[in-house]
Amino acid sequence: MQRLTADDQTIDAQQLRAGTASAGCEPVSSCRKGAVVTVTGRLKSVVYTPRETVPTLEAELFDGSGSVTLVWLGRRRIPGIEPGRTLTARGRFAAFDGRQVIYNPWYELAAG
């Protein structure tokens, strides 16, 4: 019955959480600072941020439980890293400027 009354965002979040569990990854909401984690989800946004010293490519990954910003230092573009794509990322979970981040993560894009 809940599925009939839930909005699209709620259903999407539930599906992403189920995908996290089936992939054997940690939910973003349970990741702790300093831990090496593997997360999976959908990219909500991708932004190139020119910095004075090092350019960065930032992508917000949402897994249904929360979001983490994936940051690639020194990169302007990475083929396949675009909003709507599903990927799995691995790296050290950190916090910077009040955001949850993983710097220079290993990643694998899902097919499609």
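Derivation of every value follows stated rules applied to the coordinates shown; laboratory data play no part. Predicted, not measured: the structure shown is a model, and the values here were computed from it.
List the residues whose amide H sits under 5 Å from the amide H of Ala110, counting only those 5 or more places along or on another chain, with H placed 1.01 Å from N in the peptide plane.
Amide H neighbours of Ala110: Thr86, Leu87, Thr88.
Could you calculate the contour length gain from Arg85 to Thr49, that is, 0.36 nm times the residue separation minus the distance between their Cα atoms, to one decimal place in nm?
11.0 nm
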